[in-house]
Amino acid sequence: TAPPLRSAEERRAEFLAMYTPQPPGIAVGKPVTSSGEVEDDHKPDLAVDGNAWDRDGSSWWVGPPGPVWLTVDLEKTISIGAVHVYPYWDGGRYYQYIVEASADGTSWTKIADMRNNTTPSTAKGNYHPFTPLNARYVRITFYFNSANTSFHLVELKVFPAGE
């Protein structure tokens, strides 16, 4: 028989015991837009809800077959120096994506390139530091999921330069 389901708090405690907690970043609760349809209740704003630990709950965004993008509006231009991407993890699947930043929503600078990634996603996510730049918008574009045609983002954290 299967073990009993763990509560969200039990899953969170397990995650925190395994990994050093990280600040939530500056994207939490900011406006989000995405291309394509939304699958079930997995709305785009769940990708910036500050919940990077609960991939078993509904706290993640599901995008349609790609390429598909999700853009966070930081609501003001700020110097940023890192992003932390938490794709859905299950021990085997991997995702290929890029992350870009823009001050005006028109001209984009690539800040992370995982288009050749074949390493399975984990609960640690992928931390991408880069040379600081001024940005108001951060966009992630998914190109490939090794498990199926949808894209799953548990959390996208954005950090100011120097953090």
field: For region 150-163, Karplus couplings with θ = phi - 60° (6.51, -1.76, 1.60), whole Hz, Gly/Pro x
entry: 8, 10, 10, 10, 6, 6, 10, 9, 10, 10, x, 4, x, 9
message: Can you give me the angle between helix 8-18 and the longest principal axis of the chain, using Cα atoms only, in degrees from 0 to 90, rounded to the nearest 10?
response: 70
task: Would you mind working out the magnitude of the charge dipole of the chain relative to its Cα centre, with +1 at each Lys and Arg C-beta and -1 at each Asp and Glu C-beta, to the nearest 20 Debye?
output: 420
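Rolling a 1.4 angstrom probe over the protein heavy atoms, how many square angstrom per residue are accessible across the chain?
50
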- line: Interchain or sequence-distant (5+) residues whose placed amide H lies within less than 5 Å of the amide H of Leu74 are Tyr137, Val138
task: Add +1 for every Lys or Arg and -1 for every Asp or Glu among the other residues with Cβ under 15 Å from the Cβ of Pro160, and state the total.
output: +2
query: Counting only residues 5 or more places away or on other chains, whose amide H sits under 5 Å from the amide H of Met114 once H atoms are built in the peptide plane?
result: Tyr97, Ile98, Val99
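The values are calculated or read from the model by the stated rules, or taken from the named source; none is laboratory data. In this text the structure is predicted, and so the values were computed from the model without any measurement. Here the Cβ is made from the backbone with ideal geometry for all residues, glycine too, and neighbour counts use every protein chain on show. The protein model used for the area step is the full one, side chains on, heavy atoms only, and it has no ligands, DNA or RNA in it. Shrake-Rupley method; radii C 1.70, N 1.55, O 1.52, S 1.80 Å.
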